[in-house]
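First the structure, in the form of structure tokens, and then the observations on it.
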Amino acid sequence: MSRIATRFAELKQQNRAGFIAFISAGDPDYETSLEIFRGLPAAGADIIELGMPFTDPMAEGPAIQASSLRALKAGQTMKRTLQMVREFRKQDSRTPVVLMGYYNPIHSYGVDRFATDAASAGVDGLIIVDLPPEEDAELRHPAARAGLDLIRLATPTTDARRLPTVIEGATGFLYYVSIMGVTGTKTIAPEEVAASLARIRAATDLPVAVGFGIKTEADAAKVARIADAAVVGSALVAEISRFSAPDGKNVAGAVKAVLDLSARLAGAAHNARL
Amino acid sequence: MNTSQRPNSFRTGPDETGHFGIFGGRYVAETLMPLILDLEKAYNAAKADPSFQAELDDFLEHYVGRPSPLYFAERLTAYWGGPKIWFKRDELNHTGAHKINNCMGQILLARRMGKTRIIAETGAGQHGVATATVAARFGLPCVVYMGEDDIKRQMPNVFRMRLLGAEVVPVTSGSKTLKDAMNEALRDWVANVENTFYIIGTVAGPHPYPAMVRDFQSVIGREARAQMLKAEGRLPDAAVACIGGGSNAMGLFYPFLDDASVALYGVEAAGLGIATGKHAASLAGGRPGVLHGNRTYLLQDDDGQIIEAHSISAGLDYPGIGPEHAWLHDMKRVKYVSATDQEALDAFQLCARQEGILPALEPSHALAFTGKLAATMRKDQTILMNLCGRGDKDIFAIAEHLGTKL
């Protein structure tokens, strides 16, 4: 069983929702980012989404845009992102790592080589925001051959007519985008999300993670009651920006702030069903 | 369709999934997919409805001022001493450029679809002005995203948009130019899918935009083809247009694609020179990638990060190019060349003095290449050039380059 399937099976057995933490690889720099990455499992992250920085992240709000650009400015590349995963795997062989980002850096790296290198680095899955089912075959097949899950996204605009297209060929888990908008902007409406999740669950047995509008512990708890996992990204990377002032970085402060927030959000998600 | 095979016709693309060979497609977030599928359906229905085309034709004639004239540039012809130079005068359209041909088509479609809010991106401001114009004409609120750097370069157009009632939103993310304005417009669209219609200004973006914008702009080539036949009794030997995203070029070329005797030239912006890296020539200096919903040639670094384009012309300052151009490039049906900032400035001044026309900086690139091409052709031949915009908007930028204070 894959790390992702194992993790969701464990969560199900414990009757609790998972907490998925997102950070951009290399934000604010390689070393600090690696330290945060390594600290996340102990700070409650059941799965880690590692952002592959891109100059033009069109589905991201201001916080993740800034995070992506900070990482690029500090010299992050796809090679270094895969290197970070290899470093992480030296001490953690159980926490699933999902790379999230946009297609062009993968296209540029070479799709087949990327799938092989990512799998051998210890990556478990991919979420590629600008690769809808209609266009993802050229990555899905190499990813499957390498043993990587290509995680599909469903959104409030994915209606009953379209849902089968999204679910057909989906593996790992389904990522439900809880708001109509970019990351970290609007706040989720739990009733609407619950209705959508009911539709999705009727159509698939895959676990469903919910993300995009979760900012606070209260949001995380609400989502944890209805979804298999809650994803938080913008709120975590906003902590990094607080400690990355142009006039000097407080690296230790950033690491502590992100991990503390992660622990609080994870606690809220984990305990929501008690 | 396959890129390695020359088709019987160059006018059959895109295929039903929106691809021109390997280019094009629909690389968008899932939130937008249902909208794009709806848009495709609505556009196909409109295309098949004679009343839609009749309404569009009526507005093009009485509001836009079509057909635009075909003009024999007699003094430039004599100056270069070669083939006869003909201008397609799309700068005489209402709002001063070809952009309104497409905006008129898209806003009629938006109305048909019951959309109540219009958004657009703009670089030079010509597409923003054209969008603000049609939005005002049909009483729809309009938000135009424009890079902060472009706002500084194109103040007159910013003011025009505001006079027309549009909200101009400065984009401060990324490189603060056209590509970032397009990112921001896409972000707006994702957040306002229910009521909003995104009027994309060039032959790029997710399917069906590249084909739809081409179709709306093809009025340029259809008219010019008939006008050339009437004026010269035959087709031109060459047709020339500038390329940023490539909408005026696609509109000019499309009706000529299967006329093998007509050589087609797309002129990219070489900025300070291709070798300097400071340019906007995606075909000459880029490689295939995926951005803004389509696969096409992009300016990018070795890691697949998008590189900022550079051109004196804000309208050409884009790191990509429409996917149909990418395909026509690989099929070798259109020859893609380039002109530098300096060559465009020189051509601008030449046109002003020789023909009494201030061209926009964008077609000044086409004109610079037309001069070079003329030197290689005979007197009994003809060149058709799309004069796709007028230069009034550029006088401040040009004054700065000429060291004049206005």
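Values quoted throughout were computed directly from the atomic coordinates according to the rules given, and no laboratory measurement underlies them. Here the structure is a predicted model, which is why all the values come from computation and not from measurement. We place every Cβ from the backbone using ideal geometry, glycine too, and count neighbours over all the protein chains shown.
Using Cβ contacts closer than 10 Å as the measure, can you line up A:Arg86, A:Arg70 from fewest to most? Sorted ascending by nearby Cβ count, the order is A:Arg86, A:Arg70.
Reported to the nearest whole Å, the Cα centre-to-centre distance from segment B:355-382 to segment B:226-291 is 13. For the protein assembly as shown, the C-alpha radius of gyration divided by 2.2 N^0.38 Å, with N the number of residues, is 0.99.
Of the residues A:Tyr109, A:Leu150, A:Gln83, the one whose Cα sits farthest towards the positive end of the charge dipole of segment A:3-271 is A:Gln83 (charges of +1 on Lys and Arg Cβ, -1 on Asp and Glu Cβ, taken about the Cα centre). Size check on chain B: the Cα extents along the three principal axes, sorted descending, read 57, 53, 49 Å.
What whole-number distance in Å separates the alpha-carbon centres of segment B:39-91 and segment A:168-218? Centre-to-centre distance over Cα atoms comes out at 47 Å.
Rounded, prolate or oblate, given the Cα gyration tensor of segment B:120-202, with a/c below 1.5 counting as rounded? It is oblate, given that a/c is not under 1.5 and a/b is not larger than b/c. With contacts taken as Cα pairs under 8 Å and at least 6 residues apart, segment A:214-274 reaches a relative contact order of 47 percent. Relative contact order of segment A:3-271, taken over Cα pairs closer than 8 Å and 6 or more residues apart, is 24 percent. Here's how it looks for B:His19: its modeled amide H is under 5 Å from those of B:Gly25, which are all 5 or more places away or on a different chain. Sorting B:Asp57, B:Asp150, A:Asp205 by the number of Cβ atoms found within 10 Å of their own Cβ, with the fewest placed first, yields A:Asp205, B:Asp57, B:Asp150. For chain B, the mean residue ellipticity at 222 nm estimated from helices alone is -12000 deg cm²/dmol, where every DSSP H run of n ≥ 4 contributes -39500 (n - 2.57) and the total is divided by all residues, rounded to the nearest 500. The magnitude of the dipole of segment A:3-271, with charges of +1 and -1 set on the Cβ of Lys/Arg and Asp/Glu and taken from the Cα centre, is near 460 debye. In vacuum, with every alpha carbon of segment A:118-174 counted as one equal point scatterer, what does the Debye formula give for log10 I(q)/I(0) at q = 0.17, 0.28, 0.31 Å⁻¹? Two decimals, please. Listed by q, the Debye log ratios stand at -0.52, -1.21, -1.40. Averaged over the residues of A:107-118, the number of partner chain Cβ atoms lying within 10 Å of the residue Cβ comes to 2. Computed packing ranks the peptides B:209-222, A:87-100 as B:209-222, A:87-100, most packed first, by mean other Cβ atoms within 10 Å.
Cross-link reach is defined here as a Cα-Cα straight distance under 19 Å, omitting same-chain residues fewer than 8 places apart; for B:Lys88 the lysines meeting it are B:Lys99, B:Lys230, B:Lys372. A P(r) calculated from all alpha carbon pairs of segment A:180-239, with 5 Å bins opening at zero, reads 4, 20, 29, 25, 15, 6, 2, 0 percent. Which helices, taking whole DSSP H runs in chain B, have alpha carbons extending 15 angstrom or more along the helix axis plus mean Kyte-Doolittle at least -1.0? In chain B, the long hydrophobic H runs are B:33-47, B:99-112, B:126-137, B:178-191, B:219-232, B:341-355, B:361-374. Taking B:Cys351, B:Cys142, B:Cys103 as the candidate residues, the one with maximal mean-square fluctuation in a Gaussian network model of chain B, Cα springs under 10 Å, is B:Cys351. Springs between Cα atoms under 10 Å define the GNM used for chain B, and in it the highest mean-square fluctuation of B:Leu76, B:Leu384, B:Leu361 occurs at B:Leu76.
Counting only aspartates and glutamates at least 8 places from B:Lys179 when in the same chain, those with an alpha carbon closer than 13 Å to its own are A:Asp56, B:Glu121, B:Glu148, B:Asp149, B:Asp150, B:Glu308, B:Asp317. For segment B:219-366, rounded, prolate or oblate, judged on the Cα gyration tensor with a ≥ b ≥ c (square roots of eigenvalues), a/c < 1.5 rounded, else prolate if a/b > b/c? Oblate, because a/c is 1.5 or more while a/b does not exceed b/c.
Springs between alpha-carbon atoms under 10 Å, Gaussian network over chain B: tell me which of B:Gly293, B:Gly244, B:Gly25 tops the mean-square fluctuations. Judging by the Gaussian network model, the answer is B:Gly293. For B:Lys405, the lysines whose Cα comes closer than 25 Å to its Cα, not counting residues fewer than 8 places off in the same chain, are B:Lys152, B:Lys393.
Protection proxy ranking for A:34-43, B:160-169, using the average of other Cβ atoms within 10 Å per residue and placing the highest first: A:34-43, B:160-169.
As a length-normalised measure over Cα pairs under 8 Å and 6 or more apart, the relative contact order of chain B settles at 20 percent.
With a Cα cut-off of under 20 Å and a minimum spacing of 8 residues unless on different chains, the lysine pairs in chain A number 6.
Taking every residue in B:184-191 and counting other chain Cβ atoms within 10 Å of its Cβ, the average works out to 5. Residues whose amide H lies under 5 Å from that of A:Gly51, counting only those 5 or more places away or on a different chain, are A:Ile23, A:Ser24, A:Ala25, A:Met100; hydrogens are built 1.01 Å from N in the peptide plane.
Among the residues of B:35-41, the average count of other protein chain beta-carbon atoms within 10 Å of the residue beta-carbon is 1.
Determine the shape class of chain A: with a ≥ b ≥ c the square roots of the Cα gyration tensor eigenvalues, call it rounded for a/c under 1.5, and otherwise prolate if a/b is greater than b/c, oblate otherwise. Cα axes put chain A in the rounded bin. Ranking of A:Leu206, B:Leu402, B:Leu186 by neighbouring Cβ atoms within 10 Å, starting from the fewest: B:Leu402, A:Leu206, B:Leu186. From the residues A:Ser67, A:Ser178, A:Ile48, which one has its Cα farthest along the dipole of segment A:3-271 in the positive direction, the dipole being from +1 and -1 charges on Cβ of Lys/Arg and Asp/Glu about the Cα centre? Of the candidates, A:Ile48 comes out farthest on the positive side.
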